[in-house]
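Written below as structure tokens is the structure these notes are about.
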Amino acid sequence: MSYKNCLDYLNDYGRLPLSLVPFNEIDSLILSMCIYGDFDGILPGLEGEETLPFHRAIQKLTQKEDWAATGPVMAARIPELLLKAARAPRYGRVRMGGYASVLDETRDCQFAAVTYLLPDGTLYLAFRGTDDTLVGWKESFSMAYHFPVSGQELAAVYVKKAAEKFPGKLRLGGHSKGGNLAVWAAIQAPPLVRARIHLVDSFDGPGFARDLTSSKAYRNQLHKIDVYVPQSSIVGTLLHPTGQFLVIHSHGSGIQGQHDPFTWEVRGTAFRFRAHRSVLGNKSAKSLHRWMESLEPWELEAFVELIFYLLSVNDAHTLTDIAENLPENARAIAHTYRNLDKPTRRLVRSCLGRLMVSLGPDREHHA
């Protein structure tokens, strides 16, 4: 059976201006994916007065060395999307500015955001998800026990500053961790800024270490927040989710495949939706929740700290660094693990053992 994705959407609607076919959820996904491009040195920050046409920013991006590198677990078709979107007359009058990027290993922070100025006078603030860096992945894992993480704090500051700089209604969005940051920033926005927020899109973004659904700020924004989750996704169901999911058909397999937006099916100007998540998706999410609940917060934090310590022992800073010399890195990791003290190794075995138990048969159905 054939299916269409966001690239096919650009083939079908890329020639039609936003004035004719209004900005929709697929446009939101596309712009939120474009922030995965490294615009350092290309786009002005929030302190600058200038903005760049969208197509010109992408053109400058493609002049960077290794601009199309995505890493072993990121969506491989992001460069293709960037090029196709830049050529689409649909985004011909879109401008980009207010770029912010932070990568700080000392505080486990990987953050990036950009503001798109749309021709109807509204703004789209896009937040980058987890990239190829180990610090980015560590920050994402730390969301399970630390709240708020540095990226969430920076997202809240970014929205406030972007709203001060640019007039107009606000749309916020992001894929993966970027979706989490968009929701958090909307909830934390000052009242006058919050009133300007029109819509918040979280594309398979994880939830929060604390349940925010009972807070007044969340309830006030609930009608503006859309959380899109593929039918068997695990990422978007982690921690305390925010509200009900809009379940998308995905043909992707496994965690990575379901999380890849290029496997999400599109019909016309919207996603192809399902009434419910899959049995496999619900079972997998339940197993991971069960594992995290079996650990004390200090155990989970110690486990994550140790895992990323081991991954970086051969001076690796990205997943690509690890993958490019996997045999040597694996030996270095194994050697470092063998030299850990006994209590630390016992903690690792305990955490992994409980994970295996949680991934086993559902105890409620096999009691």
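Numbers for the structure displayed
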read-out	value
Sole residue being assigned to a helix (DSSP H, G or I) and either closer than 22 Å to S233 by Cβ or touching a strand residue (DSSP E or B) at 6+ places or on another chain (Cβ under 7 Å) (or both), chosen from A186, A217	A186
Filtered residues of region 314-331 (kept if surrounded by 15 or more Cβ atoms within 10 Å (Cβ to Cβ), in a loop (DSSP other than H, G, I, E, B) and out of contact with any Leu (no Cβ under 9 Å at 6 or more places or on another chain))	N314
Residue that is farthest from the chain's Cα centre (by Cα) [pool: residues in region 160-184 that are surrounded by 24 or more Cβ atoms within 10 Å (Cβ to Cβ) and under 16 Å from S101 (Cβ atoms)]	L181
Residues of region 124-178 classified as among the polar types (S, T, N, Q), touching a residue at least 60 places away in the same chain (Cβ under 8 Å) and closer than 20 Å to A302 by Cβ, total	2
Selection status of G41, free of Cβ contacts under 8 Å to residues at least 40 places away in the same chain, surrounded by fewer than 17 Cβ atoms within 10 Å (Cβ to Cβ) and more than 22 Å from the chain's Cα centre (by Cα)	yes
Test: residue in region 332-353 that is assigned to a helix (DSSP H, G or I), of a type in the set (K, R), modelled with pLDDT of 90 or more and surrounded by 12 or more Cβ atoms within 10 Å (Cβ to Cβ)	yes
Tally of residues being buried (at least 20 other Cβ atoms within 10 Å of the Cβ) and basic (K, R) across region 74-127	1
Verdict on N11 being of a type outside the set (V, I, T), more than 24 Å from the chain's Cα centre (by Cα) and either in the same structural domain as A126 (by TED's automatic domain parsing) or surrounded by fewer than 15 Cβ atoms within 10 Å (Cβ to Cβ) (or both)	yes
Qualifying positions in region 49-107 - in contact (Cβ under 8 Å) with a residue 12 or more places away in the chain, of a type in the set (V, I, T) and in a helix (DSSP H, G or I)	I58, I78
Residue count, region 14-38 (criterion: within 18 Å of the chain's Cα centre (by Cα), farther than 14 Å from W264 by Cα and among the charged types (D, E, K, R))	1
Residue, farthest from the chain's Cα centre (by Cα), within region 189-214, restricted to residues that are over 14 Å from G236 (Cβ atoms) and hydroxyl-bearing (S, T, Y)	S214
Residue list for region 97-113, restricted to those being within 16 Å of I58 (Cα to Cα) and either out of contact with any Lys or Arg (no Cβ under 9 Å at 6 or more places or on another chain) or of a type in the set (F, W, Y) (or both)	Y99
Answer residue from region 189-206, given it is in a loop (DSSP other than H, G, I, E, B) and touching a Leu at 6+ places or on another chain (Cβ under 6 Å) and is nearest to P261 (Cα to Cα) among those	P206
Residues of region 247-272 classified as in a helix (DSSP H, G or I) and surrounded by fewer than 22 Cβ atoms within 10 Å (Cβ to Cβ), total	6
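The values are calculated or read from the model by the stated rules, or taken from the named source; none is laboratory data. What you see is a predicted model, and the numbers here were worked out from it, not measured in a lab. Note that we place each Cβ from the backbone using ideal geometry, even for glycine, and neighbour counts take in every protein chain shown.
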